[in-house]
Structures are given as C-alpha cells and as structure tokens.
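Worksheet: one structure, shown below.
The values are calculated or read from the model by the stated rules, or taken from the named source; none is laboratory data. Fair warning: this is a prediction, and the values are worked out from it, not measured in the lab. Reconstructed Cβ throughout: ideal geometry from the backbone, glycine too, with neighbour counts over all protein chains shown.
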Amino acid sequence: MDSESFKTIQAFFRKLNIESDIINSVKQQFKYIKLKPQQVLLRQEEQQKYGYYILSGLLRACHYSDNGRERCKEYYFVGELCFLYSTWITNTPAKYQIDTLNNAEVIRVPLHLLNLKEWQPAKLALLQQQLLYKEDKEIFLLLKSPEERYLHLLEYSPQWISNLNNMQLATYIGISPISLSRIKNRLNQS
C-alpha cells in the first residue's frame, strides 16, 4: 500500500482514538484494492471478514431475493468504512451483498482487529456512530414526507443527489421514480 493511502486509513483510525503505533503495527494487514463497476466485495450468505474504507467511488449493500428483486439497504461514499454491522456483531452470514456502483479504490480492513483489546476505542466509536446513524435514518424514513426526505438529502447529503440516479434515489426515499420526478418538477417551479 502506498504511503498516502496508509496515511488516510491511519487518520481515519486516529479519529477513532487508536494510537499511531497500534495502527502501524498492523500496517501489513491493510490492503489497497482498485475495483471496477459491479465488482462484488462480499456475497450474500458469505461470512464477512473485511470492511472497506472508501478512497474513491461508491459502494452499496443490496439484498437479492430468489425472484431477482433487488433491495438496496445502503450506499457508502468516500471517507466511510463500509461493512455490515449486524453481520459483524453476530458473526453470521451476510444478508446483503456489498458491491461497487462505479470504479472505486478502497482499503480492505480486517474486521478481527476491532475485537482486539487495543482496538476497543474504535469499535465503541463505530458502534456509537452506527447507532446514531440508524436513529437518524428512522427519523428520515418514518417522520418525513417523501418531499422532506428529498430536501433533506439536498441539504445534508448532496453527494447522494450527485452520485445516485433517480431510480436509486427514489428507492432509498421509499417512492417510485415517477413520484421523485414530480417532486423535483414541483421544487423547480417554486
């Protein structure tokens, strides 16, 4: 892994209260990976061993039913560590597939590190972050109208608007692409 990529992952874990010498001691376990669109990082029903810190590109977690229906749980953007928390905590096979939407560069992070005593501050910080995110997502989906959800993304998550197509945005907001087009048209006219 080049020194710039390592500095990036080191800074990420430093913000999660892991000392530099602890990060440096496992440097060889991190792996830089360059990915193509639709490349699978974790298959549905596989055991999850790694998280993926995103340097560039866009990842997603989707469930694929037996009849081919796709349900996207989440999108992951630059600067985020992508992995399935419940799969990690319960050590069960993944219910979702993690793949790329476009060309991406990631740093593969072995999740077993987060179970080590010296990595507990990062584990706790990630769990707190995820809990707050889930609470915010519940508010977003349960207490806001579709138009309010779209406006929220415009204001607080513009990367969603610029990186996802209408189908992906509509599905995440919980409406049809036609309804999303109507919302956009109504907002553009006002």
Go through segment 60-99 and report how many residues are part of a loop (DSSP other than H, G, I, E, B), polar (S, T, N, Q) and within 24 Å of residue 169 (Cβ to Cβ).
2
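Here is a yes/no grid of residues against (1) crowded, with 20+ Cβ neighbours inside 10 Å; (2) over 15 Å from the mean Cα position of the chain (by Cα); (3) modelled with pLDDT under 95:
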| residue | (1), (2), (3) |
| --- | --- |
| 41 | yes, no, no |
| 44 | no, yes, no |
| 51 | yes, no, no |
| 70 | no, yes, yes |
| 81 | yes, no, no |
| 85 | no, no, no |
| 96 | yes, no, no |
Given the options 113, 141, 180, name the one that is of a type outside the set (Phe, Trp, Tyr), modelled with pLDDT under 95 and in a helix (DSSP H, G or I).
141
Apart from one, (1) closer than 25 Å to residue 19 by Cα; (2) among the β-branched types (Val, Ile, Thr); (3) outside any strand (DSSP E or B); (4) under 16 Å from the mean Cα position of the chain (by Cα) all hold for residue 107; the odd one out is (3)
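Determine, yes or no, whether residue 107 is within 21 Å of residue 130 (Cβ to Cβ), at pLDDT 95 or above and not hydroxyl-bearing (Ser, Thr, Tyr).
Taking the combined requirement at face value, the residue satisfies it.
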